[in-house]
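The structure appears right after this line, and notes come after that.
The values are calculated or read from the model by the stated rules, or taken from the named source; none is laboratory data. This is a predicted model, so every value here is computed, not measured. All Cβ positions, even for glycine, are placed from backbone atoms using ideal geometry, and neighbour counts span all protein chains on display. Keep in mind that these areas ignore ligands, DNA and RNA; they rest on the heavy atoms of the full protein, side chains included. Shrake-Rupley method; radii C 1.70, N 1.55, O 1.52, S 1.80 Å.
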Amino acid sequence: PIVEALLDNIPQLFAENKKTEPVLGAVVQAVRMALESRGGKLIIFQTALPTFGPGALKHRDDSKLYGTDKERTLYAPQDDFYKKLAESCVDAGLCIDLFLFPTAYMDVATIGCLSTITGGETMLFPHFNVDRDGYRLRGTLAKMLARPFGFNALMRVRVSTGLRITEHFGNFHMKNNTDLELAGLDSEKSFGVLMRHDGKLDEKTEVSFQVALLYTTADGLRRVRVHNFSTPVTTLLTNVFRWAEMDTTINFLSKGAIAQSLNKPLNDVREALTEKCVKILSSYRKNCASSTAPGQLILPESYKLYPLYALSLLKSQSLRGAKDITSDRRVHHMRMFKSMGVPESIAFFYPRMISVHDMDEKIGSMSPTGRMVLPPQIRVSYARLQSYGAYLLENGQNVYFWLGRDVDSRFLTDVFGAPTLDGVDPNMHFLPELATQANTQIRSMIDHLQTQRSKFLGLIVVRQGREQSELDFANQLVEDKNNDAMSYVDYLCTIHRMIQTEVSARPTEIQHTSLWHTRY
């Protein structure tokens, strides 16, 4: 009641206010002072670049810099005010989540430090429309507030003799080289740790790792959580590839690529990702499959999808070379990748697509093992779509419902209650509840997808050839050629040629570096 009364009185309290410029810094300072002795969570809803009061910023975006070596200057904060303010919030145990609703440049690189450093999240709703985005905003906020949450977190990773931690990746604050400090922490945050073995390791023993996390629960209880594990040491490269894990590797590489983007041009970062893919796969070809025909493409079972995921990462909005991506949107995706967990990142890099126009009666029901029966997954390419078909595509952020121009009218009636494609509302944010089998099946599958993801999945209806959102849908089809980027077939052929050149040129050098990933 007290909070609601305050919200009701705010318009009257500031009725005589003559200032119309946006303010941000003073608000955060006031909340930090109020919660300094107890910590907590601050959720900020901001619609414009803060141009008044402490932390006032200037418009510095310049589209002429897009695609040049100087573009990376837009990825760094324009000053250190919000960085220092965020660090003081970490000391106070104040975690900040940002909900941004820009209609113009907002300098996410600068104000986003508030959430990045404190362990919070940044949610971007460009050109917010309540009819289109209101349902997603409400769902996102509800999911965020319902997560188990910890405050005043301190994490350290320890390794056994012979190993050395060289770098940490993620959204956090570090005062020294060993401890990760976070004002807030939930189960969806993840961090990458780069380790190097520059000492001699005994193959007869195991190496050990420990992750220790100190935090305060929402009930005010101080807790310590410790993970210990050990792994064998091997000198056989075949064992390394046999036990390698593709999903974790690509998540880690994405975090490392984002870190490099602040110091290198994006073109160099993209080339480095491709070269890394070639070196790893050529190492397998040279040392583990040397007896096969020289012109044959041989990939390890664990990394057979490496080229596909590498291409998907290159086509992401954080690294793609297109000039139509604003600096705000690119920085938002970069920082999202830095804290994204493994399951979420894989769904984002290579979305799940299924057909829903030809389902049998078992689809959408629960199997005897307790799992929902889903249609077979389809490769994400326009070549796999039929004009008479309907498809769901889910990438961990949204669910796209693509409807072909020739989709059957009975399907439209059963699912949407509209007999024609023109009658389907493209702005709907949930399907109507109809007493038909197709409608029930699709709603059940969408609800099931919601339970699998940490973020609320917004529904986007895409009618073939009629919506601007079809461009966003097309960008999800990573196997296709788009935005001057290769198709998967072309990229795979390029990787094959580069592997042949690498193998024939010189002996493969194996870098003594370990990749490891931890998630809380």
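Some values worked out for this structure:
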item: Solvent-accessible surface ranking, highest first, for E121, E167 at 1.4 angstrom; result: E167, E121
item: Percent antiparallel among DSSP beta bridges (both partners in the chain, rounded to 5); result: 75
item: Cα-derived Rg to Rh of the chain, Kirkwood definition; result: 0.98
item: Accessible carbon and sulfur surface of the chain relative to its total accessible area, %, 1.4 Å; result: 52
item: Modelled FRET efficiency - R0 41 Å, A505 with S454, Cβ distances, 0.05 increments; result: 0.40
item: Burial order of peptide ranges 227-234, 350-357 (average beta-carbon count within 10 Å, highest first); result: 350-357, 227-234
item: Sequence-separation-based contact order of the chain, relative, with Cα cut under 8 Å and 6+ spacing, percent; result: 14
item: Where labels lie 7 Å past Cα in the beta-carbon direction, separation of D131 and K58 in nm; result: 4.1
item: Highest average packing first - 48-59, 211-222, 320-331, 247-258, Cβ atoms within 10 Å; result: 247-258, 320-331, 48-59, 211-222
item: Computed lengthening from L214 to I298, 0.36 nm per intervening residue step minus Cα-Cα distance; result: 25.7 nm
item: Accessible surface, the chain, averaged per residue in Å² (probe 1.4 Å); result: 49
item: FRET efficiency, D360 to L13 (Cβ-Cβ, R0 51 Å, nearest 0.05); result: 0.25
item: Links that overshoot a 29 Å alpha carbon limit, given the list K143/K255; K84/K323; K64/K264; K41/K84; K64/K455; result: K84/K323; K64/K455
item: Formal net charge of residues neighbouring G39 (Cβ-Cβ distance under 11 Å; K, R +1; D, E -1); result: +1
